[in-house]
Amino acid sequence: MATAPNPATTGVEAGTPLRMYRQMIAIRLFEERVNDLYTRALMPGLAHLYIGEEAVAVGICEALRADDYITSTHRGHGHCLAKGAAPHLMFAELLGKEAGYCKGKGGSMHIADPATGNLGANAIVGGGAALATGAAYASKVLGQGRVAVCFFGEGALGQGVLYESMNLAQLWKLPVIYACENNLYNEYTHYSETTAGDPVARPAAFGLPAETVDGQDVRAVHAAASRMVERARRGDGPGFLLLNTYRFRGHHVGDIAREYYRPKHEEQHWMAERDPVALHAAWLVSEGLADQAMLDRIEKEVAAEMDAAVEFAQNAPYPDPQRVDEDVYA
Amino acid sequence: MPDTVATGPGPAPSGTALRELTFGEAIREALAEEMRRDPRVVLLGEDVAEAGTPFKVVKGLVEEFGKDRVVDTPISEAGFTGLAVGAAMTGLRPIVDIMFGDFLALIMDQVVNQAAKIHYMSGGKWKVPMVIRATMGATRRSAAQHSQSLHAWPSHVPGLKVAIPSTPYDAKGLLKAAIRDDNPIVFFEDKISYAKVKGPVPDEDYVIPLGVADIKREGRDITLVATSSMVQVALGAAAMLEEIGINAEVVDPRTTWPLDEKTLIESVRKTSRCIVVDEGYYRYGITGEIASVIAEGAFYDLDGPVRRIGARHVPVPFSPPLEDATVPTERDLFTMARQMCNK
Ligand SMILES: Cc1ncc(C[n+]2csc(CCOP(=O)(O)OP(=O)(O)O)c2C)c(N)n1
């Protein structure tokens with residue numbers, strides 16, 4: 001079996017602006033390689049890219065402890081990476097290899113990793129809402145002080161289980177944060193055509209504090225998430241973050257002709273003016289926290305890590321079909 | 001495998017031109033014709049309007065019938081399915097689109113505790129004329145929550161009818177019958193068949209009654225009862241068997257309820273051997289029910305036990321070599337049939 005590359009270390013500390021830059025660029029470069037593998041027909045199944053939404057996962061996960069929990073979605077690569085997953089084991093999973101996080105049984109939409117508190121990506125819209133709430137309940141009962149974050153797209157606002165979960169969480173003061181990533185579209189339909197009323201009026205109805213945050217501003221996301229996490233850890237109960245963001249690419253990699261539901265000029269505006277990685281890079285330079293050379297060095301280092309991770313995954317063997325019956329039961 | 005698979009002609013009315021349509025095109029035609037015929041027919045589901053669903057099967061309907069009758073819903077399967085039940089009771093004939101059959105799990109209360117029972121509980125006073133269209137089928141590398149074939153679930157519940165067509169001809173005729181039926185019907189469409197299976201479909205209006213099986217290939221030596229995508233697999237196996245001198249009959253029940261027990265039993269009384277193949281789970285599933293119907297009805301003519309092949313009893317794995325090990329293949333059927341015929 002190929003050997004695992006070491007995750008790159010750039011000497012930047014958790015929660016710092018430079019570290020957040022590194023994490024965002026890691027997601028961006030990871031997803032670009034997913035796009036490449038997929039379009040070259042080297043990756044089976046479906047690929048939902050997180051490009052454009054990096055500041056959400058990074059800003060939130062940088063506010064979490066290693067032993068805190070997350071639940072993720074079909075668009076989950078960014079959440080997994082931000083919570084600390086190793087790219088080579090993710091790529092191996094995406095390619096259906098034995099070395100992958102789930103031995104190839106889960107794939108892109110089901111990456112799970114107990115070691116980083118990742119309860120799993122989920123291909124059922126809203127599928128993580130009750131699970132994250134349950135993890136928060138367990139943390140409370142067991143006195144662990146862990147917080148659970150439930151990532152979901154605004155499409156999940158249509159699912160009743162989300163509201164049942166928020167009600168339970170508030171009744172029982174559970175340490176869970178519902179992180180709604182509003183990228184404006186449920187698949188091929190604008191969210192305004194599927195969502196009545198104000199998204200943040202929903203948590204308000206259950207008495208959950210809610211903050212609306214610019215999801216392209218990693219520092220704003222981190223600050224808001226830190227407040228919510230601290231509050232939840234103190235025992236003051238659940239919270240809700242509405243993160244306004246945008247997916248730069250199609251709903252999945254094959255969603256190319258999309259002008260019938262999403263105008264090109266809108267995409268161009270977000271990509272040119274609201275790119276979370278570029279915005280944060282510019283801020284780091286303007287604050288004197290980094291210069292371009294340093295950012296370039298980080299990017300180069302991460303790119304090398306990602307290339308090695310892809311190579312690892314491509315060289316890794318497929319699972320033996322005999323193992324198909326394993327893992328059905330514990 | 002070829003890109004498309006041709007299916008034999010259905011029993012088309014004589015003297016009419018037959019066009020070749022894909023499975024998906026036949027479904028779209030059935031929907032369009034029924035919506036034209038009956039203004040009470042409406043289509044509800046996620047991304048059914050401009051997008052025409054991710055499979056593009058209903059593309060073009062919104063342009064013809066408008067947004068009041070081809071309705072994009074929120075991602076609220078339980079809600080819009082239950083709404084369709086209420087609308088069906090009160091004058092509409094809704095068709096609900098469940099993008100992936102796996103999401104049946106989200107609507108089961110509305111289907112099982114509401115739609116299926118309302119006619120009976122009301123002493124026959126309320127009717128629920130609706131169709132739930134759901135996809136099924138693995139091997140698209142879509143993993144455990146987007147690949148299941150769950151048609152056994154609704155088949156288990158009194159009050160529901162379940163159609164599971166295998167050819168464009170059958171899909172169109174059965175869907176039209178389902179839309180005109182006064183009961184809740186769950187209609188399963190194999191995702192791979194949408195573009196891959198092609199076959200002749202007559203121009204003019206026809207319906208195929210629910211509960212009538214179809215013999216897809218006549219034979220003497222063994223009956224292969226097959227549903228949905230497994231019909232193509234059974235036909236492939238039958239061709240392989242022919243080469244070693246085994247003449248297999250392929251029977252497609254077309255609906256799991258009502259079930260055409262008579263045709264199934266008669267076929268096996270003739271051939272004296274039977275394998276039932278279905279893409280749903282092997283345990284507690286369609287194959288078990290059909291095998292037991294045949295075992296009872298053809299007992300004195302059977303040479304041996306009715307055998308069956310279904311999906312492996314595991315959640316559908318993502319990795320291609322694993323997933324491929326979960327679905328019945330031509331080779332599996334061939335090997336089993338050959339053994340049963342002692343060849
Ligand atoms: C319960 C359920 N219904 C439908 C789908 C099909 N589906 C997959 S992604 C998606 C849109 C999700 O939109 P959103 O939650 O906003 O997430 P985004 O894709 O925008 O990140 C839909 C309808 C699903 N996976 N699960």
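The values are calculated or read from the model by the stated rules, or taken from the named source; none is laboratory data. For clarity, every value in this text was computed on a predicted model and none was experimentally measured. Neighbour counts run over all protein chains shown; Cβ positions are idealised from the backbone, glycine included. Heads up: the accessible areas ignore ligands, DNA and RNA and are worked out on the full protein's heavy atoms, side chains in. Shrake-Rupley method; radii C 1.70, N 1.55, O 1.52, S 1.80 Å.
With A:Glu193, A:Glu187 as the choices, which residue is more than 23 Å from the chain's Cα centre (by Cα), within 14 Å of chain B (Cβ to nearest Cβ) and within 13 Å of the ligand (Cβ to nearest atom)?
Every option except A:Glu193 fails the conditions.
What's the total number of residues in the stretch B:104-126 that are open to solvent by less than 20 Å² (accessible area, probe 1.4 Å) and either within 16 Å of the ligand (Cβ to nearest atom) or at pLDDT below 95 (or both)?
Number of matching residues: 3.
Among the residues of the stretch A:32-71, which ones are within 15 Å of the ligand (Cβ to nearest atom) and among the aromatic types (Phe, Trp, Tyr)?
Correct list: A:Tyr50 only.
Looking only at helices (runs of 4 or more DSSP H) that lie completely in the stretch B:247-343, which have at least 3 residues being within 28 Å of B:Lys161 (Cβ to Cβ)?
The helices (runs of 4 or more DSSP H) meeting that bar are B:261-271, B:286-297.
Kindly list the number of the only condition in (1) open to solvent by less than 10 Å² (accessible area, probe 1.4 Å); (2) out of contact with any Cys (no Cβ under 6 Å at 6 or more places or on another chain); (3) touching a residue at least 60 places away in the same chain (Cβ under 8 Å) that fails for B:Ile294.
(2)
Let me confirm something: among A:Gln322, A:Gln268, which residue is assigned to a helix (DSSP H, G or I), farther than 30 Å from A:Gly143 by Cα, within 14 Å of another protein chain (Cβ to nearest Cβ) and open to solvent by 10 Å² or more (accessible area, probe 1.4 Å)?
Exactly one residue qualifies, and that residue is A:Gln322.
Read through the list (1) more than 14 Å from chain A (Cβ to nearest Cβ); (2) surrounded by fewer than 23 Cβ atoms within 10 Å (Cβ to Cβ), then give the number of the only condition that B:Arg331 fails.
(1)
Taking B:Asp205, is it open to solvent by 40 Å² or more (accessible area, probe 1.4 Å) and charged (D, E, K, R)?
In short, yes.
Spot the failing condition for A:Gly127; the list is (1) open to solvent by less than 10 Å² (accessible area, probe 1.4 Å); (2) within 14 Å of the ligand (Cβ to nearest atom); (3) not in a helix (DSSP H, G or I), and only one is missed.
The single condition A:Gly127 does not satisfy is (1).
For the stretch A:177-228, give me each residue that is open to solvent by 50 Å² or more (accessible area, probe 1.4 Å) and of a type in the set (Ser, Thr, Tyr).
If the condition is that a residue be open to solvent by 50 Å² or more (accessible area, probe 1.4 Å) and of a type in the set (Ser, Thr, Tyr), then A:Tyr191, A:Ser192, A:Thr212 are the ones that fit.
Among the strands (runs of 3 or more DSSP E) lying completely within the stretch A:146-220, list those that include at least 2 residues that are among the small types (Gly, Ala, Ser).
It comes to A:148-153.
Do we have any residue at all in the stretch A:277-287 that's within 16 Å of the ligand (Cβ to nearest atom) and closer than 30 Å to A:Thr194 by Cα?
Checking the stretch A:277-287: not a single residue is within 16 Å of the ligand (Cβ to nearest atom) and closer than 30 Å to A:Thr194 by Cα.
Which one is surrounded by the fewest Cβ atoms within 10 Å (Cβ to Cβ), of the residues in the stretch A:151-170 that are hydrophobic (A, V, I, L, M, F, W, C) and away from the ligand (no atom under 12 Å from the Cβ)?
Residue satisfying both the conditions and the ranking: A:Leu168.
Quick check on the stretch B:119-150: of everything there that is assigned to a loop (DSSP other than H, G, I, E, B) and hydroxyl-bearing (Ser, Thr, Tyr), which residue is farthest from the chain's Cα centre (by Cα)?
Within the stretch B:119-150, the first condition is being assigned to a loop (DSSP other than H, G, I, E, B), and the residues that meet it are B:122-130, B:137-150.
Still in the running and hydroxyl-bearing (Ser, Thr, Tyr): B:122, B:139, B:142, B:147, B:149.
Numbers: B:Ser122: 29, B:Thr139: 17, B:Ser142: 20, B:Ser147: 15, B:Ser149: 10 Å.
The qualifying residue farthest from the chain's Cα centre (by Cα) is B:Ser122.
Within the stretch B:313-320, is there a residue that is among the aromatic types (Phe, Trp, Tyr) and surrounded by fewer than 23 Cβ atoms within 10 Å (Cβ to Cβ)? Steps first, please.
Of the stretch B:313-320, the ones among the aromatic types (Phe, Trp, Tyr) are B:318.
Now drop any that are not surrounded by fewer than 23 Cβ atoms within 10 Å (Cβ to Cβ), which leaves none.
No, the stretch B:313-320 has no match at all.
May I ask you to verify whether B:Tyr300 is within 14 Å of another protein chain (Cβ to nearest Cβ) and open to solvent by 10 Å² or more (accessible area, probe 1.4 Å)? Don't jump to the end; show me each part of the working.
Numbers: within 14 Å of another protein chain (Cβ to nearest Cβ): no; open to solvent by 10 Å² or more (accessible area, probe 1.4 Å): yes.
It is false that B:Tyr300 is within 14 Å of another protein chain (Cβ to nearest Cβ) and open to solvent by 10 Å² or more (accessible area, probe 1.4 Å).
Could you please find all residues in the stretch B:46-81 being away from chain A (no Cβ under 11 Å), within 16 Å of the ligand (Cβ to nearest atom) and not in a loop (DSSP other than H, G, I, E, B)?
Result: B:Thr81, single match.
For residues in the stretch B:48-91 being open to solvent by 40 Å² or more (accessible area, probe 1.4 Å) and among the acidic types (Asp, Glu), which is nearest to B:Val128 (Cα to Cα)?
B:Asp68
A:Ala138 is checked against (1) within 16 Å of the ligand (Cβ to nearest atom); (2) free of Cβ contacts under 8 Å to residues at least 40 places away in the same chain; (3) more than 14 Å from chain B (Cβ to nearest Cβ) and fails just one. What number does that condition carry?
Of (1) within 16 Å of the ligand (Cβ to nearest atom); (2) free of Cβ contacts under 8 Å to residues at least 40 places away in the same chain; (3) more than 14 Å from chain B (Cβ to nearest Cβ), only one is false for A:Ala138: (1).
Residue check: is A:His74 within 23 Å of A:Thr245 (Cβ to Cβ) and either of a type outside the set (D, E, K, R) or more than 14 Å from the ligand (Cβ to nearest atom) (or both)?
Values: within 23 Å of A:Thr245 (Cβ to Cβ): yes; either of a type outside the set (D, E, K, R) or more than 14 Å from the ligand (Cβ to nearest atom) (or both): yes.
So A:His74 passes the test.
Among the residues of the stretch A:294-313, is there at least one that is in a loop (DSSP other than H, G, I, E, B) and either more than 14 Å from every other protein chain (Cβ to nearest Cβ) or open to solvent by 40 Å² or more (accessible area, probe 1.4 Å) (or both)?
no
Only residues that are in contact (Cβ under 8 Å) with a residue 12 or more places away in the chain, under 20 Å from B:Arg180 (Cα atoms) and in a helix (DSSP H, G or I): list them for the stretch B:82-113, please.
B:Gly82, B:Leu83, B:Ala84, B:Val85, B:Ala87, B:Ala88, B:Met89, B:Val111
What helices (runs of 4 or more DSSP H) completely inside the stretch A:41-111 contain at least 3 residues that are within 14 Å of chain B (Cβ to nearest Cβ), among the aliphatic types (A, V, I, L, M) and under 19 Å from A:Glu311 (Cα atoms)?
By residue number, A:87-94.
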